[in-house]
Amino acid sequence: MIRVHISEHVVDDAHKRQQNDKELTAAEARKATKKLREGIDHLPDDEYKERLRERLREFVTAQDVDLPTPETRSSFWSYQLMDNLGVDGPAGQELYSMNVAAAFTEAQNSIAEDTLRYLEGTPGGKALGEFHLWDREVRRALNLERDEGLNLAYDAWGTLSRNYAAKTENEALFFMAELNPGTVAYQTEAPQLRQDGKLDIINFMYPPPMDKYADLAPETQELLASQAVRAQVHTFGYDETDPKYTPSTKAGHLDLEHLKSLPTAEAQRAAVLEVCARVAAMDGPARTADVQKYVEEVKVLRPDHEVVLPSSTDLAWAYEASAQTTPVVSTHGAFLPGVEVNARTGPQSIQPPEASAQAIAGAHFMPGVTLKPAPAPATPAPTQVPPAPEQAQDTAMGA
């Protein structure tokens, strides 16, 4: 049921990799973190933690995640395989997608060198992996509480994975069934690829969760199973108080219960495309044409429906986040926070965030589209993001 054939050899190799992942001893953790602690572990607690984060961020930024050849494809992964995905293995044993991606990549490269890569196998991934940031003994060696250690690991692996995605030029193989808003795949990797105009190179290696879509029109099921939609939306409930919640979580959320309540396939399609339009708007000006395309089709499908895109506040957040983290300079201009568009009067500037005021000059958006807050659930559903495993094999793409 996986989109490409994964041999028994690959599955066996993935299981062996997982079995070999062991937690460090206290002595091993102190050795692994010596370089990070050296010269700063005598500092006051707050200063030490800030210097530690800065040191790790500088280390990650300097790491090599370049393509080994212009033709090399890239693997991405998230969470673990579930029983219904048809991968054989010992009963009750979880198989992490990281290990499947690694085993599949190595198998491909044994046939033709540098055919495929995965983050943990790049020079930068190997170097960062030597710190074992997900290991509980490493957190103790760094004098960090559990949440502090996890946040440090998320930050480091998230930064490296964004750079990895930015370097991706050819096919991006996603070892996951769907995007989950709590993962780096959703938060940084997929957005980076989309912002760089690479939506069409994303290919999911696992089948979509069709059981979720059972009560939808056949045409809607087909739409949700398409690569482009899977690479933009998520169907997980979320909690706005969750530390991993961001405005992009809200923008990309597709409410399946609401979708099922719509009476026609046309109305359901319009609802899906409206979420895609919100995601494209959050991705920035490189996807302005996509926003316009989606909005125009929604208007045809539901002429009396008012299209709701992200608010100027959410767009400002996306602009600031992109300005702080995107390693590749955009040639498409700035985001458009603080712009409200009316079908009859055209673009009207409203008070923009101070930091983004210069980005508004000369900007325009789609006529007939009002930037308004996307509706949130009346009672936010609890997040369905599974807890991060304690084992060292849980790197940021699966967190």
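The rows are residues; the columns are (1) farther than 28 Å from residue 53 by Cβ; (2) in a helix (DSSP H, G or I); (3) open to solvent by 40 Å² or more (accessible area, probe 1.4 Å); (4) small (Gly, Ala, Ser).
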| site | (1), (2), (3), (4) |
| --- | --- |
| 105 | yes, yes, no, no |
| 117 | no, no, no, no |
| 120 | no, yes, no, no |
| 126 | no, yes, yes, no |
| 152 | no, yes, no, no |
| 165 | no, yes, no, yes |
| 174 | yes, no, no, no |
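Applying the criterion of being open to solvent by 60 Å² or more (accessible area, probe 1.4 Å) and in contact (Cβ under 8 Å) with a residue 40 or more places away in the chain to the residues of segment 133-146, the residue that is farthest from residue 95 (Cα to Cα) is 143. Checking each residue in segment 252-264 for being open to solvent by 10 Å² or more (accessible area, probe 1.4 Å) and either touching a Pro at 6+ places or on another chain (Cβ under 6 Å) or without any contact (Cβ under 8 Å) to a residue 40 or more places away in the chain (or both) picks out 257, 258, 261, 262, 263. Only a single criterion out of (1) open to solvent by 30 Å² or more (accessible area, probe 1.4 Å); (2) outside any helix (DSSP H, G or I) is not satisfied by residue 55, namely (2). Apart from one condition, residue 275 fits all of (1) surrounded by fewer than 22 Cβ atoms within 10 Å (Cβ to Cβ); (2) in a helix (DSSP H, G or I); (3) of a type in the set (Val, Ile, Thr); the exception is (1).
Exactly one residue among 208, 191 is within 29 Å of residue 284 (Cβ to Cβ), in a loop (DSSP other than H, G, I, E, B) and open to solvent by 10 Å² or more (accessible area, probe 1.4 Å), and that residue is 208.
Filter segment 194-205 down to the residues that are closer than 17 Å to residue 277 by Cα and either assigned to a loop (DSSP other than H, G, I, E, B) or hydrophobic (A, V, I, L, M, F, W, C) (or both) and list them by number. The answer is 196, 197, 198, 199. For the condition open to solvent by less than 40 Å² (accessible area, probe 1.4 Å), under 27 Å from residue 200 (Cβ atoms) and at pLDDT 95 or above, residue 75 qualifies.
In segment 265-281 there is no residue that is without any contact (Cβ under 8 Å) to a residue 24 or more places away in the chain and closer than 20 Å to residue 200 by Cα.
Any residue at all in segment 181-188 that's among the β-branched types (Val, Ile, Thr), within 14 Å of the chain's Cα centre (by Cα) and part of a helix (DSSP H, G or I)? Reasoning before the result, please.
Pass one, segment 181-188, residues among the β-branched types (Val, Ile, Thr): 183-184, 188.
Next cut, within 14 Å of the chain's Cα centre (by Cα) only: 183-184, 188.
The next check asks that each one be part of a helix (DSSP H, G or I); those that pass are 184, 188.
Among the residues of segment 181-188, at least one is among the β-branched types (Val, Ile, Thr), within 14 Å of the chain's Cα centre (by Cα) and part of a helix (DSSP H, G or I), which makes the answer yes.
Here the condition is being in contact (Cβ under 8 Å) with a residue 60 or more places away in the chain and part of a helix (DSSP H, G or I); of 67, 24, 36, it holds for 36 alone.
Looking only at segment 285-301, which residues are at pLDDT 95 or above and either under 23 Å from the mean Cα position of the chain (by Cα) or surrounded by 17 or more Cβ atoms within 10 Å (Cβ to Cβ) (or both)? The answer is 287, 288, 289, 290, 291, 292, 294, 295, 298, 301. Scanning segment 237-251 for residues that are surrounded by fewer than 20 Cβ atoms within 10 Å (Cβ to Cβ) and not hydroxyl-bearing (Ser, Thr, Tyr), we see that the one that is nearest to residue 185 (Cα to Cα) is 244.
The values are calculated or read from the model by the stated rules, or taken from the named source; none is laboratory data. Worth saying up front: this structure is predicted, and the values here are computed from it rather than measured. Cβ atoms come from the backbone with ideal geometry, glycine included; neighbour counts cover every protein chain shown. The area values use the complete protein model at the heavy-atom level, side chains included, leaving out ligands, DNA and RNA. Shrake-Rupley method; radii C 1.70, N 1.55, O 1.52, S 1.80 Å.
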